[in-house]
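These notes concern the structure reproduced below.
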Amino acid sequence: MKASDLMVKCLENEGVKYVFGVPGEENLDFLEAMRNSNLQLVLTRHEQTAGFMAATIGRLTGVPGVCLATLGPGATNLVTAAAYAQLGAMPMCMITGQKPIHSSKQGHFQIVDIVDMMKPLTKHTKQVVRGGRIPAIVRESFAKASGERPGAVHIELPEDVAAEETSAVPFPVHPVRRPDANEKAVSTAAEWIEQAHSPLILLGAGANRKLVSKMLMQFVERTGIPFFSTQMGKGVLPEDHPLCLGTAALSERDYLHCAIERADLILNIGHDVVEKPPFFMKPGGTRVIHINFVGADADDIYFPQLEVVGDIANAVWQLQEKVRVSPRWDFAYFMKVKARVDAQVAERADSDSFPVLPQRLVADVRSSMGPCDIVALDNGMYKIWFARNYRAWKPNTLLLDNALATMGAGLPSAMAAKMVHPAKKVLAVCGDGGFMMNSQELETAVRLGLDLVVLILNSNGYGMIKWKQAGAGFEDFGLDFGNPDFVKYAEAYGAHGHRITQTSELRPKLVECLNAKGVHVIEVPVDYSENARVLTKELNEKACTI
């Protein structure tokens, strides 16, 4: 068979269902091989979208998502998506084309060293120099992409190599069991927990990647130790649980940080240091136990005194077997913090003020979505409000990026989520700035026949940077822009356009669109004046004397 056919068979062998991308002439053999395969080619309008969708497939399934681009400008358009997957620990495989490597008639036209370019952005990058190497390269790439810590890999398939004949066959795929945590480390951790006065549990993104929720719930219920999460750890345990203190949406100064500062031991389960720090360690300060699939990357603000490395679920189970509920534990202050956090989240959640306040926006979205439905966030000011105020009840039901934190990923990630979970309601929440970075993918969503709702928060500017600008004492400058008529814009792509003109319309329109067929775009003006009142003034002036 041709090497391109072998590449497709290797992808099928790895469990790949979709290939997202924008093919070029250097991909034509590979494209023809896909035509006669079980893989579904999803043609996107930009390579960046293809990468975002592939990364989300990996995030939700654990099987690396695959995206395709041609050489040169097609491959360079994958750079942001590569960083998105790599920093966010989302397994993804990028396949790019290249001019013939054994003979060339076009000099350096469109030639960029893509393999070298991808090195700092991936776990693994390699050029295929002969067809018979494809099975080994694909198996190695997928194993590295999905292994802890997951991330991006890249394979370059040159045009002449893709056309070669080969008799090689795909390598068998065997499940790999992660090692159990060291018993001595677990025993030491159990002793530290029992000796603590006010232990606290932190749930991070690593706990969201693997299905460890059941074991964590048993541990929390048995010990009664309160917990909080990072942004990407939301939903690992249900956030309406009476022991949930909230989310560390900010790096410091929130009410939640009062509890963190009072804790004398933090069980840091699955946290990844690519996220903004949920707390700052100080020499001689709070003890931290690092419980994760991999060891800690120590830096100036994170240097755990004890590491329990191995399968998280197994480590938690071992701890559950060893830890005895201690009469020394005192969680009274934590519960006071929880009450204050809950009260602030409830503030103005029923406000009829228009444009819509972020508290009301988040409350209406939460009440419109079921426990297992999915909200996919782009990046903007609203992400902080959703991280603080939106209660996720199941793992991976609030998809946000707190690693690369790139704009433009909200709509593509929602599209991929709907493809993985067609029975669930999926809502993309995008700022006007982030939406316009990949808004052309409305056509892709319509073409795919997805039932999807896109909520565009219109503030006519880059709201997050405006908040930072004001907080730094600078004048409002350089961050405003104009927008198209989003209703007409949606309709131009064959989607349904809606505009909210008063706050009372928001929830009914959300419910209507979430239960309708097709792609629905809802424009809602948003008022970010609450940033200054709550996130700046109130939190800066608070005292941890609850």
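The values are calculated or read from the model by the stated rules, or taken from the named source; none is laboratory data. Values in this document were obtained by computation on a predicted structure and should not be read as measured data. With ideal geometry, Cβ positions are generated from the backbone for all residues, glycine too; neighbour counts draw on all protein chains shown.
The set of residues in segment 289-310 that are under 14 Å from R149 (Cβ atoms) and of a type in the set (D, E) contains only D297. In the condition set (1) assigned by TED's automatic domain parsing to the domain that holds I522; (2) part of a loop (DSSP other than H, G, I, E, B); (3) surrounded by fewer than 24 Cβ atoms within 10 Å (Cβ to Cβ), W329 is compliant with all but (1). Within segment 494-514, track down each residue that is under 26 Å from the mean Cα position of the chain (by Cα), closer than 24 Å to Q440 by Cβ and of a type in the set (V, I, T). Of everything in segment 494-514, nothing turns out to be under 26 Å from the mean Cα position of the chain (by Cα), closer than 24 Å to Q440 by Cβ and of a type in the set (V, I, T). The condition of being surrounded by 15 or more Cβ atoms within 10 Å (Cβ to Cβ), among the hydrophobic types (A, V, I, L, M, F, W, C) and under 21 Å from the mean Cα position of the chain (by Cα) holds for only one of V161, V186, V212, V220, that being V212.
I need a count of the residues in segment 106-146 that are farther than 22 Å from G72 by Cβ and in contact with a His (Cβ under 6 Å, 6 or more places away or on another chain).
Count: 1.
Looking only at segment 343-377, count every residue that is basic (K, R), assigned to a helix (DSSP H, G or I) and out of contact with any Phe, Trp or Tyr (no Cβ under 8 Å at 6 or more places or on another chain) and tell me the total. Total meeting the criteria: 1. Restricted to segment 81-90, and to residues there that are in contact with a strand residue (DSSP E or B) (Cβ under 7 Å, 6 or more places away or on another chain) and under 20 Å from G233 (Cα atoms), the residue that is surrounded by the fewest Cβ atoms within 10 Å (Cβ to Cβ) is Q86. Of all residues in segment 1-38, those satisfying the criterion of being in a helix (DSSP H, G or I) and among the acidic types (D, E) are D5, E12, E25, E26, D29, E32.
Does segment 124-147 hold any residues that are under 30 Å from D401 (Cβ atoms) and out of contact with any helix residue (DSSP H, G or I) (no Cβ under 8 Å at 6 or more places or on another chain), and which are they?
Answer for segment 124-147, where residues must be under 30 Å from D401 (Cβ atoms) and out of contact with any helix residue (DSSP H, G or I) (no Cβ under 8 Å at 6 or more places or on another chain): I137, E140, S141, F142, A143, K144, G147.
Considering segment 44-65, the residues that are β-branched (V, I, T) and assigned to a loop (DSSP other than H, G, I, E, B) include one that is nearest to K144 (Cα to Cα), namely V63. One residue alone among T76, T122, T61 is touching a Gly at 6+ places or on another chain (Cβ under 8 Å), among the hydroxyl-bearing types (S, T, Y) and modelled with pLDDT of 95 or more, and that residue is T122.
Just for segment 241-261: of the residues that are at pLDDT 95 or above and not hydrophobic (A, V, I, L, M, F, W, C), which one is surrounded by the most Cβ atoms within 10 Å (Cβ to Cβ)? Result: T247.
With respect to V534, is the statement that it is outside any loop (DSSP other than H, G, I, E, B), of a type in the set (V, I, T), surrounded by 17 or more Cβ atoms within 10 Å (Cβ to Cβ) and modelled with pLDDT under 95 true?
yes
When L41, L68 are checked against the criterion of being surrounded by fewer than 24 Cβ atoms within 10 Å (Cβ to Cβ), outside any helix (DSSP H, G or I) and not aromatic (F, W, Y), a single residue qualifies: L41.
Give me the residue from segment 91-129 that is surrounded by fewer than 17 Cβ atoms within 10 Å (Cβ to Cβ) and touching a residue at least 60 places away in the same chain (Cβ under 8 Å) and, out of that set, farthest from L31 (Cα to Cα). Filtering segment 91-129 for residues that are surrounded by fewer than 17 Cβ atoms within 10 Å (Cβ to Cβ) and touching a residue at least 60 places away in the same chain (Cβ under 8 Å), the one farthest from L31 (Cα to Cα) comes out as I101.
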